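A short write-up of the structure that comes next.
Any read-out appearing in this document is the output of simple, stated calculations on the displayed coordinates, not a laboratory observation. Quick caveat: nothing in here was measured; it's all calculated off a predicted structure. Here Cβ is always computed from backbone atoms with ideal geometry, including for glycine, and neighbour counts include all displayed protein chains.
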């Protein structure tokens, strides 16, 4: 059966980390399926540009500048979404940072930033969104979705990425525990775990670390952000009785 390209009509989705990469691609994909999309990130100029692009394509988008590692701003972003767009059916917790390098002599501020965004920011946004998702699940669609973006790093640990691994393993544990709490109330909690993707994520690393990352994947046909957006769209458009709880997406050539 060919899926309805507007199968998210009359729904509202909130995407964190929407100013680039997977978040930006996910916003486009959900808007193309009919969802009104709240775009949340720190870079207001990029959000406004994305909102205009979505509107030009016939969609609806609301730009919200916020750093979701601040619990008040995360909660305000969710509240603003519901006030302006009327409801919340889908949350895509995509905001994240990847700052790699050996544990010995690592800059502690890099660890703090990863914990603040990858874990606490995701927790804060999920906490604020959950009452609205539960309410949406009782509405006409009968289901709501919370999608947490993790990583292959949430499945296997590698030297040089200890704290990043720890945050992504934490996302997986949180997702499974929350799934068990709300699945009987038809809020589907899903984990999407990308392998190597061509985004800005690695560009924020120290030069010597960035060089190592580039060497590891220089001869590989890695994923594009749209590949992960396609997986997200698949998850949230399943029939009400189908919950896709976990998707791992690697480039075909990626071994680990």
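A few points about this structure:
- Percentage of interatomic Cα-Cα distances in region 110-174 larger than 13 Å: 65
- The angle between the Cα long axis of helix 44-56 and the longest principal axis of the Cα atoms of the chain comes to about 50 degrees, rounded to the nearest 10.
- The fewest-to-most ranking of 116, 7, 89 by surrounding Cβ atoms within 10 Å reads 7, 116, 89.
- Sorted by Cβ neighbour density within 10 Å, fewest at the top, the residues 69, 19: 69, 19
- Alpha-carbon gyration tensor eigenvalues x 5, square-rooted, for region 12-249, Å: 28, 19, 17
- Taking Cα atoms only, the orientation of helix 207-217 departs from the longest principal axis of the chain by about 70 degrees.
- Compared with the dominant principal axis of the Cα atoms in the chain, helix 71-85 is inclined by about 30°.
- Convex hull of Cα atoms in region 1-132, direction-averaged projection (nm²): 9.2
- Each of 197, 117 was scored by other Cβ atoms within 10 Å of its Cβ. Arranged with the fewest first, they read 117, 197.
- Report note on the peptides 33-43, 94-104: ranked by the mean count of other C-beta atoms within 10 Å, highest first, their order is 33-43, 94-104.
- DSSP bridge orientation in the chain - percent antiparallel, rounded to nearest 5: 0
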